[in-house]
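Participant: Pasting a structure here, questions to come.
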Ligand code: MG
């Protein structure tokens, strides 16, 4: 059994990317807003994996430092070493660096190509689990296309049976002592294109686990274009907006709070139904898309909104968020009121807001406080409400 308290990753990034022709080596080419290597490191940084040691070319120190910074991975988890003239030599040097740092023989090491940025938690966990059970394991994909071998004239010679064929990816996982020794043994025999073939040549059993189609290697310009599309499709961000509203008391017999009518010896003064809770929520939602505020969309000067139900405002803000690609995850509101007491109406308000926004009640916060007699609210001159909304944009 491997020692799962020690899981390291080697990221092989020392190549010059001759296949891709002009420009920076492929691992430093921009993918979205940061280099490919930054994306790889960011996605490699599963909590269980420490350290992440990148093998770099002697000329790439500054480019590596920038990629490491842009990965946003804690600098204490990232380290680098100068690689060798071949992929095999780079990995050996990385293993030697881990050994020199005291990495235990029964620890696991994942060896990964920098030019395969789209690591995900599932495939990393599959690798670690496979590494716990076997001496060595590799991610593989079935072959969908028909395969052929050609003769010297470029004519079809044979069609190998694809059923037993697999595409081999990285991260490949090994018991550290095993792969360290295997690399030492084949030190003088360069030319292994991956570490599993070297482990196999050293007589070790290499198990397999399911790879991931997104773990393709960026070697051609077309791969970089595909990677860019994949990155854009997977991008999501969470945004929060805040809102605040106040309405003063006037003559009347009820107030509207959170879309719920509450009997009271006063009413709230306003152009619409003067519901500060729904107004604050409307502003919070508009804030997540930078789309002005409630006064811009529903000006008090417009007779259309006289006496309007504030539900209309909140629904319109939610529609605008949806149209901008947002999905409302959660809203929270705080009602500042001396009277009426909110407690007896909390469930009704929660239900009403959940219904308007299409949220479950567990994703709607409704809270209230008095102001201990202080200030305009304490003097019972009006009611205020605060709100915050959290919205996710993009996939996820
Ligand atoms: Mg208002």
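The values are calculated or read from the model by the stated rules, or taken from the named source; none is laboratory data. No experiment lies behind these values; they were computed from the predicted model shown. Methodologically, a virtual Cβ is constructed for each residue, glycine included, from the backbone with ideal geometry; neighbour enumeration extends over all protein chains shown.
Participant: For region 241-253: of the residues being away from the ligand (no atom under 13 Å from the Cβ) and surrounded by 15 or more Cβ atoms within 10 Å (Cβ to Cβ), which is farthest from residue 375 (Cα to Cα)?
Facilitator: Among them, the one singled out is 241.
Participant: Can you tell which of 1, 9, 20 is under 16 Å from residue 116 (Cβ atoms) and at pLDDT below 95?
Facilitator: 20
Participant: What is the number of the single condition among (1) within 13 Å of the ligand (Cβ to nearest atom); (2) buried (at least 17 other Cβ atoms within 10 Å of the Cβ) that residue 318 does not meet?
Facilitator: (1)
Participant: Still on this structure, I have one more. Here are the criteria: (1) within 12 Å of the ligand (Cβ to nearest atom); (2) surrounded by fewer than 19 Cβ atoms within 10 Å (Cβ to Cβ); (3) under 32 Å from the mean Cα position of the chain (by Cα). Tell me which single one residue 324 does not satisfy.
Facilitator: (1)
Participant: A follow-up question, please. Give 272, 337 a once-over and let me know the one that is at pLDDT below 95 and under 18 Å from residue 243 (Cα atoms).
Facilitator: That would be 272, the only listed residue that is at pLDDT below 95 and under 18 Å from residue 243 (Cα atoms).
Participant: Could I ask something else about it? Name every residue in region 93-110 that is in contact with a helix residue (DSSP H, G or I) (Cβ under 8 Å, 6 or more places away or on another chain) and closer than 16 Å to residue 175 by Cβ, in order of residue number.
Facilitator: 95, 98, 99, 103, 104, 105, 106, 107, 108, 109, 110
Participant: Here's a follow-up. Suppose we keep only residues that are outside any loop (DSSP other than H, G, I, E, B) and touching a strand residue (DSSP E or B) at 6+ places or on another chain (Cβ under 8 Å) within region 104-121. Which one would you say is surrounded by the fewest Cβ atoms within 10 Å (Cβ to Cβ)?
Facilitator: Among residues in region 104-121 that are outside any loop (DSSP other than H, G, I, E, B) and touching a strand residue (DSSP E or B) at 6+ places or on another chain (Cβ under 8 Å), the one surrounded by the fewest Cβ atoms within 10 Å (Cβ to Cβ) is 113.
Participant: When you go through (1) surrounded by 13 or more Cβ atoms within 10 Å (Cβ to Cβ); (2) part of a strand (DSSP E or B) one by one for residue 367, which number turns out not to apply?
Facilitator: Answer for residue 367: the failing condition is (1).
Quick grid of which residues meet (1) in contact (Cβ under 8 Å) with a residue 60 or more places away in the chain; (2) under 23 Å from residue 231 (Cα atoms):
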{"position": "72", "(1), (2)": "no, yes"}
{"position": "76", "(1), (2)": "no, no"}
{"position": "86", "(1), (2)": "yes, no"}
{"position": "129", "(1), (2)": "yes, no"}
{"position": "145", "(1), (2)": "no, no"}
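Participant: Across region 370-396, which residue is modelled with the highest pLDDT among those that are part of a loop (DSSP other than H, G, I, E, B) and within 30 Å of residue 327 (Cβ to Cβ)?
Facilitator: 395
Participant: Okay, next question. Out of curiosity, is residue 299 under 40 Å from the mean Cα position of the chain (by Cα), surrounded by fewer than 20 Cβ atoms within 10 Å (Cβ to Cβ) and within 13 Å of the ligand (Cβ to nearest atom)?
Facilitator: yes
Residues checked against (1) under 24 Å from residue 102 (Cα atoms); (2) at pLDDT 95 or above; (3) out of contact with any helix residue (DSSP H, G or I) (no Cβ under 8 Å at 6 or more places or on another chain); (4) assigned to a loop (DSSP other than H, G, I, E, B):
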site	(1), (2), (3), (4)
160	no, no, yes, yes
173	yes, yes, no, no
177	yes, yes, yes, no
189	no, no, yes, yes
197	no, yes, yes, no
200	no, yes, yes, no
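Participant: Now for a separate question. Please work out if residue 37 is over 29 Å from the mean Cα position of the chain (by Cα), outside any loop (DSSP other than H, G, I, E, B) and closer than 30 Å to residue 185 by Cβ.
Facilitator: no
Participant: Continuing with this model, one more query. Go through the residues of region 224-238 one by one and say whether even a single one is away from the ligand (no atom under 15 Å from the Cβ), at pLDDT 95 or above and either under 21 Å from residue 333 (Cβ atoms) or over 28 Å from the mean Cα position of the chain (by Cα) (or both).
Facilitator: Within region 224-238 (the criterion being away from the ligand (no atom under 15 Å from the Cβ), at pLDDT 95 or above and either under 21 Å from residue 333 (Cβ atoms) or over 28 Å from the mean Cα position of the chain (by Cα) (or both)), the answer is no, since none of the residues qualifies.
Participant: So in region 262-290, with the set limited to residues that are closer than 16 Å to residue 312 by Cβ and more than 10 Å from the ligand (Cβ to nearest atom), which one is surrounded by the most Cβ atoms within 10 Å (Cβ to Cβ)?
Facilitator: So, considering only residues that are closer than 16 Å to residue 312 by Cβ and more than 10 Å from the ligand (Cβ to nearest atom), the one surrounded by the most Cβ atoms within 10 Å (Cβ to Cβ) is 281.
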